[in-house]
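Below you'll find the structure, written out as structure tokens, and then a few comments.
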Amino acid sequence: KRVAILISGGGSNMVALAESMVGDHPARPVLVLSNDPGAGGLEKARARGIPTAAVDHRPFGKDRAAFEAALQAELAKAAPDILCLAGFMRILTPGFVAHWEGRMLNIHPSLLPKYRGLNTHARAIEAGDAQAGCSVHEVTAELDGGPVLGQARVPILPGDTAETLAARVLEMEHRLYPAVLRRYAADDKTPVVLDGANS
Ligand code: GRF
């Protein structure tokens, strides 16, 4: 299976996914695509010999359809079977999602369905939750709303800040996303559940 990974920033999840697709893994990375030409993840992809492309969303202003048409043109060249959104920070229109539905994953830094949207770690701490974590889900038109294919839990510790919790969750993201992709690429939707309590 051919996998395209969409990023907006440092791409640490992209690196974890790319490094997992080796040996007898049923998938290989064919493109790393960013909405920011300056995304640090693009250099990390190039360093690993993965083709890259960038479509700067800013010149398109509010014209999401035109921006996405440019994304689709880059994707058509790479002809991926699966899209992995990995720290991709643009909301996709229902039209784009419908085109890729059933073939597109996203990782979200909360235990969905809790804390859809942004600032997930601060919200979990503020709520006094004992646990936090991350979820990999199929992307549907509902923001952070599609079927969950995997979750990883971590404890929220006394004195945690959004930053210390984010770092703990990010480590689990790098384990969860590759585990889910390996199953997904083999058409296996058995949920992945990881517990980072003792890590
Ligand atoms: C992180 O906040 C992560 O929780 C979320 O996207 C952000 C950047 O991740 N998935 P990455 O390092 O660009 O993969």
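The values are calculated or read from the model by the stated rules, or taken from the named source; none is laboratory data. Keep in mind the model is a prediction, meaning the values are calculated, not measured. Ideal geometry is used to build each Cβ from the backbone, glycine not excepted, and the neighbour counts take in all protein chains shown. What goes into the accessible areas is simple: the full protein's heavy atoms, side chains included, and nothing from ligands, DNA or RNA. Shrake-Rupley method; radii C 1.70, N 1.55, O 1.52, S 1.80 Å.
Among 85-98, 143-156, the peptide with the highest mean count of other Cβ atoms within 10 Å heads the list, and the full ranking is 143-156, 85-98. Couplings 3J(HN,Hα) for region 108-119, derived from phi with the Karplus relation 6.51 cos²θ - 1.76 cosθ + 1.60 (θ = phi - 60°), are 10, x, 7, 8, 4, x, 6, 6, 5, x, 9, 6 Hz, where x marks Gly and Pro. Length available on full extension from ALA78 to ASP188: 0.36 nm per residue minus the Cα-Cα distance, which gives 37.2 nm. Using bins of 10 Å that start at zero, the share of Cα-Cα pairs per bin across region 14-93 amounts to 17, 51, 26, 5, 0, in whole %.
If you build a Gaussian network model of the chain, linking Cα atoms that sit under 10 Å apart, which residue out of ALA179, ALA127, ALA39 swings the most? Among ALA179, ALA127, ALA39, the largest GNM mean-square fluctuation belongs to ALA127. On the chain, 56 percent of the accessible area sits on carbon and sulfur atoms, based on a 1.4 Å probe.
Each stretch of four or more DSSP H residues adds -39500 (n - 2.57); spread over every residue of the chain, this sum gives -10500 deg cm²/dmol at 222 nm. For LEU6, the residues 5 or more places off, or on other chains, whose built amide H falls under 5 Å of its own are LEU33, CYS84, LEU85, ALA86.
For the chain, the convex hull spanned by the alpha carbon atoms encloses 119 Å³ per residue. Close amide H contacts of LEU149 (hydrogens built in the peptide plane, cut-off under 5 Å, sequence separation of 5 or more or a different chain): VAL136, HIS137, GLU138. From the P(r) of region 83-199, can you give the percent of Cα pairs sitting at distances over 19 Å? Distances greater than 19 Å cover 43 percent of the Cα pairs. Average accessible surface for region 98-199: 49 Å² per residue, computed with a 1.4 Å probe over protein heavy atoms with every protein chain in place.
If you take the Cα centroid of region 110-183 and the Cα centroid of region 22-42, the two points sit 22 Å apart. 3J(HN,Hα) along region 92-98, derived from phi through the Karplus expression 6.51 cos²θ - 1.76 cosθ + 1.60 where θ = phi - 60°, amounts to 9, 6, x, x, 5, 4, 4 Hz, with x in place of Gly and Pro.
Within the same chain, lysines fewer than 8 places from LYS77 are excluded, and of the rest, those with a Cα less than 17 Å from its Cα are LYS1. Here r is the Cβ-Cβ distance between ILE91 and ASP24 and R0 is 45 Å; the resulting FRET efficiency, rounded to 0.05, is 0.80.
When ARG103, ARG168 are compared by accessible surface with a 1.4 Å probe, the order from highest to lowest is ARG103, ARG168.
Once backbone amide H atoms are built at 1.01 Å from N, ALA54 has SER34 as its partners under 5 Å, excluding neighbours fewer than 5 places away on the same chain.
Just need the relative contact order of the chain here, percent rounded to a whole number, with Cα pairs under 8 Å and 6+ apart. It rounds to 20 percent for the chain.
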